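**Q** Mind having a look at this structure? Questions to follow.
What follows draws every value from the coordinates through simple rules; no lab data is involved. The structure displayed is predicted, hence computed values, not measured ones. Don't worry about glycine lacking a Cβ; one is built from the backbone with ideal geometry, like all the others, and counts go over all protein chains shown.
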Amino acid sequence: MKNTGIWIDKQKAYIIDIEDNNENLTTVFSEIEDYHIHGGSGTRFKGGPQDVVQDSKYLEREKHQFKTYFKSIITLIKNSDTIVIYGPAEAGEKFKKEIDENYRDLSKKVKDVLKSDSLTENQTKALIRNYYKNNKSHILR
């Protein structure tokens, strides 16, 4: 049985596969840009010309970058029997939503989506190992 744990945020994902007491860690880096939108007055005088900021253009580009990032992770986990997702903020939730909407067969394998702060590689391995050790009955459903 191949158990997989994923710790994911906007910059990177750690994928830990546990199979026959062997652990394999893969790191996937995203290419999601950090947007620093600059707007406002183009002059120091009050009421001067204003820059128009196209938020929707940035958000749409970020959405496509997330899809590409998620797709690269999904290709690595498609042969897993069970999956648990960890992450700070909303990256884990976004990833689960993508799986639910576009990868139905994989969606059934996701057992939990849990919040977690930023972790090192070794902390992530320990977190995933402990999850599967402590939730054996939960996994077998």
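**Q** Of the cross-linked pairs Lys2/Lys133; Lys2/Lys111; Lys12/Lys96; Lys12/Lys94; Lys10/Lys109, which ones have a Cα-Cα span greater than 19 Å in the structure shown?
**A** Table pairs above 19 Å Cα-Cα are Lys10/Lys109.
**Q** If you don't mind, another one. Using the Cα centre of the stretch 86-125 as the reference point, and only Cβ charges (+1 on K/R, -1 on D/E), how large is the resulting charge dipole? Debye, rounded to the nearest 20.
**A** So the magnitude is around 180 debye.
**Q** Size of the dipole of the stretch 52-132 about the Cα centre, Lys and Arg at +1 and Asp and Glu at -1 on the beta carbon, nothing else charged, in debye to 20?
**A** 240
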